[in-house]
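The structure appears right after this line, and notes come after that.
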Amino acid sequence: MIILNEQQIKAWDAYTISKGTPALQLMEQAATAVADKLDLLLGEEDQEVLIICGNGNNGADGLAIARLLLDMDYIVDVFVNLEGDHTPEWKANYERLLQKDPEQLELHTHWDPEKIELSPSGTIIDAIFGTGLSRPLSGIWLEITNWINEQTNLTVAVDMPSGLYVDRPPDGEVVYTDLVLTFQCQRLSFMMPESEPHFGEVVICNIGLSETFLLEHDIRNFELTHYYLLPFLIDRNRFSHKGDYGHGLLIAGSLGKAGAAVLAAGAAMRAGLGLLTVQVPGIMYSILQSAVPEAMVTLDPKAHHISAIEIPDKIAAIGIGPGLGKDPETIEALAKLIHSKPTIPLVLDADALNILAMRVDLLDQLPPGTIITPHPGEFDRLFGEQDDHYMRFATAQREAQKRGINIVLKGGITIICQSNGVNFFNTRGNPGMATAGSGDVLTGIILGLLSQGYSTDYAALLGVYIHASAGDLAAEELGYEALIASDIVSYMGEAFEELRHHEPTFDDEQENDV
């Protein structure tokens, strides 16, 4: 599923019109797609709707939807504001609506909430402003928005919740909608935490935009799905052995933080690598040998922290950071590793990132292809304070390309910014994964995948996907509150199997449509 910004969405509409689809026909296709989805979702018992139409083309969509729902025998109330300018498409759809039997339609041309007669089971449809809003809601539209937000009715937005922008955070009131029926693709704002309070589920409606547009334009943002992963997933040979699946090195742990090393090591093993060596401070020997017996353990000369990094022969990938601490000797050990310009793929997380933030010279010398996995706080320490997640995403794109690295920006929707300028948004995962050690598990998974020979681009994508899928499987069984990081490790096998045997779903059909 592609994710477009406002300029691209408008360009796609214009391109489709330029290729021979009249604007009114395109609008009719959009209205039909929305009306059909509404009819499926609302069912026979909830056929009373109030459609609030703005003066532009989102309002024109609303007028067309009203006409189509009337044909489906819905009880339809419509509000229109006859003051101000209206688009040609709005005027055309308004005239079409007026041709319907007036006994079927309740048309309001002056806003008076006292005259709105909508039962508690009725649905409010927000068709005020869609893509293209450039300023906060004001005047009558702000008044209506506040009224909608006071109601308990199911609320559905056409294209976008009014008041929400595509490319930047909201700066005023927004219509809270339970459901968004958006057109053809995801919007960037649907991926951002600032938008979360303003809508529930998003359903994509195929409205017949030209597919050729996508072939002729440089699309850089995608929702991460199995389509991007299955073609490159390694199949195991019956006669293979552990040496075929790589030897990974995990450098982790400090006094009081053995758990981070245990979680990352367990996740690396579950990710399928053949051999794992874990370097830990001396005090952690018995803990690691007992908790992860499948791993080999090497001991740092110091009992409580890492002081020197030793790389065994034939290591395929290195993961460093979980529970690492920031002892001066640890900092110098990481500096020595980075200064050596290793050709071995690296994944850095947690305190390794905090050390990079303390030593900008090390950040500037990261080998190309390195994967870093910051959460927002770590990201801001690395690259400077960011005003919001939109800015954080823009900075991540720029830094990934500038430095030739992959940045996995962790969050409710994790964003993987690749060095080639392509970005993937992972919409899997759940709030139960916001728990201590979850990030250590992700580091281990990515290390395990890198060790098997997966490219850095692919290992970051597959690692995030498996991590989130395992978290979802765990949450189905345990709920959000009881989920802990080790549960994610326990469900990794099911997550891999689910990916390998993925069966098409309704959402997949929508992706195929796009």
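Roughly what angle does helix 6-18 make with the longest principal axis of the chain, taking Cα atoms, 0 to 90 degrees, to the nearest 10? Helix 6-18 sits at roughly 50 degrees to that axis. Remark: relative contact order (the chain) = 12 percent; criterion is Cα-Cα distance under 8 angstrom and separation of 6 or more residues.
Accessible surface for the chain, divided over its residues, is 42 Å² per residue with a 1.4 Å probe. Distant-in-sequence amide contacts of Leu250, defined by a placed amide H-H separation under 5 Å and a gap of 5 or more residues or a different chain, comprise Thr277, Val278, Gln279, Gly319. For the chain, the carbon plus sulfur part of the accessible surface works out to 50%, probe radius 1.4 Å. The Cβ shell under 10 Å around Ile116 holds other residues with a net charge of -4, Lys and Arg each +1, Asp and Glu each -1.
Give me the base-10 log of I(q)/I(0) for the range 194-300 at each q in 0.12 Å⁻¹, Debye formula, one uniform scatterer per Cα, rounded to two decimals. Once normalised to I(0) and log-transformed, intensities are -0.70. When only alpha carbons are used to place a centre, the range 339-386 and the range 445-495 end up 22 Å from one another. Placing a pseudo-label 7 Å from each Cα along the Cα-to-Cβ vector at Val202 and Leu215 gives an inter-label distance of 2.7 nm. Expressed per residue, the C-alpha convex hull volume of the range 261-377 stands at 108 Å³.
Accessible-area rank, largest first, for Asp77, Asp85: Asp85, Asp77, with all protein chains present and a 1.4 angstrom probe. By the Kirkwood approach, averaging reciprocal distances over each pair of separate Cα atoms, the range 172-220 gets a hydrodynamic radius of 12.6 Å. The angle between the Cα long axis of helix 456-478 and the main principal axis of the chain comes to about 70°, on a 0 to 90 degree scale. For the range 222-296, the dipole from Cβ point charges (+1 on Lys and Arg, -1 on Asp and Glu) about the Cα centre works out to 140 debye, to the nearest 20. Against the compact-protein benchmark of 2.2 N^0.38 Å, the Cα-based radius of gyration of the range 212-269 scales to 1.87. With respect to the chain, whose longest principal axis is taken over its alpha-carbon atoms, helix 258-270 is tilted by about 80°. Taking label points 7 Å from Cα along the Cα-to-Cβ direction, Ile140 and Val360 give a separation of 5.4 nm.
Say the cut-off is 29 Å between C-alpha atoms; which of Lys242/Lys402; Lys257/Lys402; Lys302/Lys341 go over it? Pairs exceeding the cut-off: Lys242/Lys402; Lys257/Lys402. Local charge for Glu95 was computed over the other residues whose Cβ lies under 12 Å away, with Lys and Arg +1 and Asp and Glu -1, and equals +3. The figure for Tyr228 is an accessible area of roughly 70 square angstrom, using a 1.4 Å probe on the protein chains alone.
Counting only DSSP beta bridges with both residues in the chain, what percent are antiparallel, rounded to the nearest 5? About 15 percent, rounded to the nearest 5. Size descriptors for the range 430-473, from the alpha-carbon set: Rg then Dmax equal 10.6, 31 Å. Please state the shape class of the chain: rounded when a/c is under 1.5, otherwise prolate if a/b exceeds b/c and oblate if not, all from the C-alpha gyration tensor. It comes out prolate by the Cα gyration axes. For the range 16-56, the Stokes-Einstein estimate of translational diffusion at 20 °C and a viscosity of 1.002 mPa s comes to 175 µm²/s, using the Kirkwood hydrodynamic radius over alpha-carbon pairs. In the chain, helical runs assigned H by DSSP with n ≥ 4 each contribute -39500 (n - 2.57); averaged across all residues and rounded to the nearest 500, the mean residue ellipticity at 222 nm is -12000 deg cm²/dmol. Grab the other residues whose beta carbon is less than 9 angstrom from that of Pro376, score K and R as +1, D and E as -1, and report the net. That sum, taken over residues with Cβ under 9 Å, equals 0.
By the equivalent-ellipsoid construction on the alpha carbon gyration tensor, the range 317-419 comes out with semi-axes of 21, 15, 12 Å, ordered largest to smallest. In order along the range 340-357, the phi-based Karplus estimate (6.51 cos²θ - 1.76 cosθ + 1.60, θ = phi - 60°) of 3J(HN,Hα) comes to 6, 6, x, 8, 6, x, 10, 10, 10, 8, 6, 5, 4, 6, 5, 5, 4, 5 Hz; Gly and Pro are listed as x. Mind jotting down the distance between the C-alpha centroids of the range 168-182 and the range 41-120, whole Å? What the calculation gives is 20 Å, centre to centre.
Extension gain, His502 to Ser340, is 54.1 nm, computed as 0.36 nm per intervening residue step minus the present C-alpha separation. Here the chain is treated with +1 on each Lys and Arg Cβ and -1 on each Asp and Glu Cβ, and its dipole about the Cα centre works out to around 2960 debye. Here the Karplus curve 6.51 cos²θ - 1.76 cosθ + 1.60, taken at θ = phi - 60°, turns the phi angles of the range 206-220 into couplings of 6, 10, x, 5, 4, 6, 4, 3, 5, 6, 9, 10, 8, 8, 10 Hz, with x standing for Gly and Pro.
The values are calculated or read from the model by the stated rules, or taken from the named source; none is laboratory data. Everything numeric in this text was worked out from a predicted model, so none of it was measured. Backbone-built Cβ (ideal geometry, glycine too); neighbour counts: all protein chains shown. Remember, those area values only see protein heavy atoms, side chains included, never the ligands or the DNA or RNA. Shrake-Rupley method; radii C 1.70, N 1.55, O 1.52, S 1.80 Å.
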